[in-house]
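What follows is a set of notes on a single structure, which appears directly below.
The values are calculated or read from the model by the stated rules, or taken from the named source; none is laboratory data. The shown structure was predicted, so the numbers you read here are calculated from the model rather than taken from an experiment. A quick note on method: Cβ atoms are made from the backbone with ideal geometry, for glycine too, and the neighbour counts reach across all protein chains shown. Areas reflect the complete protein model, heavy atoms only, side chains present, ligands, DNA and RNA absent. Shrake-Rupley method; radii C 1.70, N 1.55, O 1.52, S 1.80 Å.
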Amino acid sequence: MTRSYAIGAAAFVTLMLVTLAVLAFLQPPWMRQLLGMSDDPFAPCRTSVAMGGLDQIGGPFELINAQGETVTDADVITQPSILYFGYTFCPDVCPLDSARNALATEILEAEGEIVQPVFISVDPARDTPEVVGEFASIFHPRMVGLTGSDEQVRAASRAYRTYFSRNDGDGSDEFYLVDHSTFSYLVLPGHGTVEIFRHDESAEAVAEKTQCFLSNA
């Protein structure tokens, strides 16, 4: 009985080891979670977090480009893109962020990676297609300038969970300012929003992080 028990125990241990080896090779989701592994190919690159997850940020939009054409997110995001929501009359933050994003794309281009900067206006009353197009072209020849109706802009803003509020009191101030969030969004075709860049991050940091995502895409 003792010898039979030992043989049975050895067979059981062998079966368990084989099973674990197969599971380790196949890596089912529950086992990856148990071992602290991630199914996210971009996990080594991520530095930002968002309530509900980054997959909840971004989505379909319909806006107007510099040529006055109505375009959708599918028309615009045909390559890796860095999206920013701002306005052309912005006195400081928007020009700085737009210049930072443009410089990051130049750094990446020098490394063989083409990334498209996108500027979406949150001030459609003043930012006509021509105005937003001229503003975008100042920073980079590939920067896409987008505007739209108030409804279109607000829908795009909601999709990316951005904030903006026009400060003009009774509506008579033509030199009004617009409060708005200052995040930039790295969006990859087929993956959606994969990273959020803060206002205080340098062009070098944005380029380095973007390169990590592109390498793992």
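At 1.4 Å probe size, put Thr182, Thr147, Thr78 in order of accessible surface, largest to smallest.
So, going from the largest accessible area down, we get Thr78, Thr182, Thr147.
Please work out whether segment 65-126 counts as rounded, prolate or oblate from its C-alpha gyration tensor, where a ≥ b ≥ c are the square roots of the eigenvalues and a/c under 1.5 means rounded, while otherwise a/b larger than b/c means prolate and anything else oblate?
oblate
Kirkwood hydrodynamic radius, computed over distinct alpha-carbon pairs, for segment 96-136: how many Å, to one decimal?
For segment 96-136, the Kirkwood estimate is 11.4 Å.
Arg198 to Asp150: extension gain in nm, 0.36 nm per residue of separation minus the Cα-Cα distance?
So the chain would gain 14.7 nm between Arg198 and Asp150.
Quick check: the distance between the Cα centres of segment 159-209 and segment 55-95, to the nearest angstrom?
10 Å
Can you tell me how much longer the chain between Ile138 and Ala125 gets when fully stretched, taken as 0.36 nm per residue apart minus their C-alpha distance, in nm with one decimal?
So the extension gain works out to 2.6 nm.
Accessible area per residue, 1.4 Å probe, Å², for segment 85-165: what's the number?
42 Å²
HN-Hα J couplings of segment 68-81 from phi, Karplus 6.51/-1.76/1.60, θ = phi - 60°, integer Hz, Gly and Pro as x?
x, 8, 6, 10, 10, 4, 5, 6, 8, 8, 9, 8, x, 9
What does the net charge come to around Phe197 if you take all other residues with beta carbon closer than 15 Å to its beta carbon, with K and R at +1 and D and E at -1?
Every neighbour counted, the sum reads -1.
Express the carbon and sulfur contribution to the solvent-accessible surface of segment 121-217 as a percent, rounded to the nearest whole number, probe 1.4 angstrom.
52 percent
Rounded, prolate or oblate: which fits segment 124-178, taking a ≥ b ≥ c as square roots of the Cα gyration tensor eigenvalues, rounded meaning a/c under 1.5, else prolate when a/b beats b/c?
oblate
Please list 3J(HN,Hα) in residue order for segment 86-99, calculated via the Karplus relation 6.51 cos²θ - 1.76 cosθ + 1.60 where θ = phi - 60°; whole Hz, with x for glycine and proline.
The phi angles translate into x, 8, 6, 7, 4, x, 8, 4, 4, x, 5, 5, 5, 5 Hz.
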